[in-house]
1. Identify, by number, the condition in (1) farther than 25 Å from ARG235 by Cα; (2) under 19 Å from the mean Cα position of the chain (by Cα) that THR112 doesn't meet.
2. Would you check which residues across the range 79-136 are aromatic (Phe, Trp, Tyr) and either in contact with a Lys or Arg (Cβ under 9 Å, 6 or more places away or on another chain) or in a loop (DSSP other than H, G, I, E, B) (or both) and list them?
3. Please give the number of the condition ALA216 fails out of (1) on the phi > 0 side of the Ramachandran plot; (2) in contact (Cβ under 8 Å) with a residue 40 or more places away in the chain; (3) of a type in the set (A, V, I, L, M).
4. Within the range 116-162, track down each residue that is in contact with a helix residue (DSSP H, G or I) (Cβ under 9 Å, 6 or more places away or on another chain), surrounded by fewer than 19 Cβ atoms within 10 Å (Cβ to Cβ) and over 26 Å from LEU21 (Cβ atoms).
5. Output the residue which, of all residues in the range 390-442 that are more than 19 Å from LEU64 (Cβ to Cβ) and open to solvent by 40 Å² or more (accessible area, probe 1.4 Å), is nearest to the chain's Cα centre (by Cα).
6. Name the single residue, out of those in the range 50-78 being open to solvent by less than 10 Å² (accessible area, probe 1.4 Å) and outside any loop (DSSP other than H, G, I, E, B), that is nearest to ALA386 (Cα to Cα).
7. Could you say whether any residue in the range 166-173 is surrounded by 22 or more Cβ atoms within 10 Å (Cβ to Cβ) and closer than 13 Å to ALA217 by Cα?
8. Among the numbered criteria (1) open to solvent by 40 Å² or more (accessible area, probe 1.4 Å); (2) of a type outside the set (Val, Ile, Thr); (3) without any contact (Cβ under 8 Å) to a residue 24 or more places away in the chain, which single criterion is violated by ASP263?
Amino acid sequence: MHVVARLGPRDDLIAIDRVFLHERTGSVALKSLAAVGRPVADPARAFAVTDHIVDTRFGRTGTLVPGGGAFLAATREECAKAGIRLFDVNDPDQGIVHVISPELGVVLPGATLVCPDSHTCTQGAFGALAWGIGSTEAEHALATGTLRMTRPKTMRVTFTGALQPGVTPKDMMLALLSAHGAGGGKGHAVEFAGDAVAALDIEGRLTLCNMATEFAAMTGFVAPDAKVFDYLMGRRYAPTGEEWDAAVAAWRDLRSDQGAVFDREIVIDAGAIAPMVSWGTSPEDSLPVDAAVPDAKPAALAYMGVTPGRRLAGTRIDAAFIGSCTNSRVGDLRRAAALVKGRHVAPGVTAIVVPGSMAVKRAAEAEGLDRIFIDAGFEWRMSGCALCFYAGGPGLAPGARVISSTNRNFEGRQGPGVRTHLASPETVAASAIAGTIADPRELAA
């Protein structure tokens, strides 16, 4: 229903339902369009947010990134000219693009949604076809409402059984990456399926689909079900009335046929997964928190300063960060807070929590989660991408070791020389309390 024209054996021109922009790349696309006099075809289908380089400290007015003010100014100016809804720094609905899009009902099952951000696949959790594009493609999508696409291969990753207590969707993805590599999904659209996936709430599915890009997949998605429909009902940009009823009836058919054949199948026993932590400079360099570092990838070992044969658990950390489009929703914060309640961050550890949106921040504060984190010695902030990546400005010191609920750990991702260990919010919280990489199950016991 989205194919506008066949362009070749595997290439189509497809209709794009939603375009979401952020200030780092979206401003570039809008300025380029304006420079050649091309209008946005349908401004009501486009949305923008300031999230990547915004200051997350209280009292913020913009950005602390050198030169970042120009990106913010350009985004504001071009969105105003084009008539695009912008969720700016002090908007009550501001937040990370892949957090606020579901909150507002911008993403819907069966919709095509693009954004010049590689983690757009996060939104496949709703059964949407969502993927990251470049600024030039964003220009085309904005001006024409279409994009050329090469049909990807198909893959199904089935997680059988049930997760053990203390094991999370983040651990599921790190286990997949560890077993099948950061290039395992290249060229594929990946459907996540199985009893363990069906049991996940929407937030867990968002985490799972978020890291499909770390698997090199074109996108990741989960077939929509009653949990999706319940989540979306009443959201601002979701259908209403009779249109809602008709939409749900159509969405129920958005699932793979019984006996469907995929180009590749992977099956993982969810019950065998333990809390995972990365040791190297790729998400595939991950292992159970109590396992020993392998004798592999000398350059990664040298950069991370870890020793083969030694367990990750017990490794000293300098910082702990909970946030990002991977793990910054209220459920993530709720589970992390449960572990730190009544405890305190270890001496010498900088611990920071950045909610994924202002709506998440308000919900967390209504539950008193902010006080739990603050009393435990964490810094509580406004929403934004924050320490997920380093764009200049304030950051961690070179050589600092941080355990982080983010999605990428390549050299310099969180600052020049900074060493990043990827983990779930629970593992980050437990490690902040211990002052070393720690197993969250020990605090929950």
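1. Among (1) farther than 25 Å from ARG235 by Cα; (2) under 19 Å from the mean Cα position of the chain (by Cα), THR112 violates only (1).
2. Selection gives PHE126 alone.
3. Among (1) on the phi > 0 side of the Ramachandran plot; (2) in contact (Cβ under 8 Å) with a residue 40 or more places away in the chain; (3) of a type in the set (A, V, I, L, M), ALA216 violates only (2).
4. THR158, THR160, GLY161, ALA162
5. Of everything passing the filter in the range 390-442, ARG408 is nearest to the chain's Cα centre (by Cα).
6. GLY68
7. yes
8. Checking ASP263 against (1) open to solvent by 40 Å² or more (accessible area, probe 1.4 Å); (2) of a type outside the set (Val, Ile, Thr); (3) without any contact (Cβ under 8 Å) to a residue 24 or more places away in the chain, the one that fails is (3).
The values are calculated or read from the model by the stated rules, or taken from the named source; none is laboratory data. All values derive from a computational prediction rather than experimental measurement. Glycine also receives a Cβ, built like all others from the backbone with ideal geometry; neighbour counts cover every protein chain displayed. Surface areas here come from the heavy atoms of the whole protein model, side chains and all, with no ligands, DNA or RNA. Shrake-Rupley method; radii C 1.70, N 1.55, O 1.52, S 1.80 Å.
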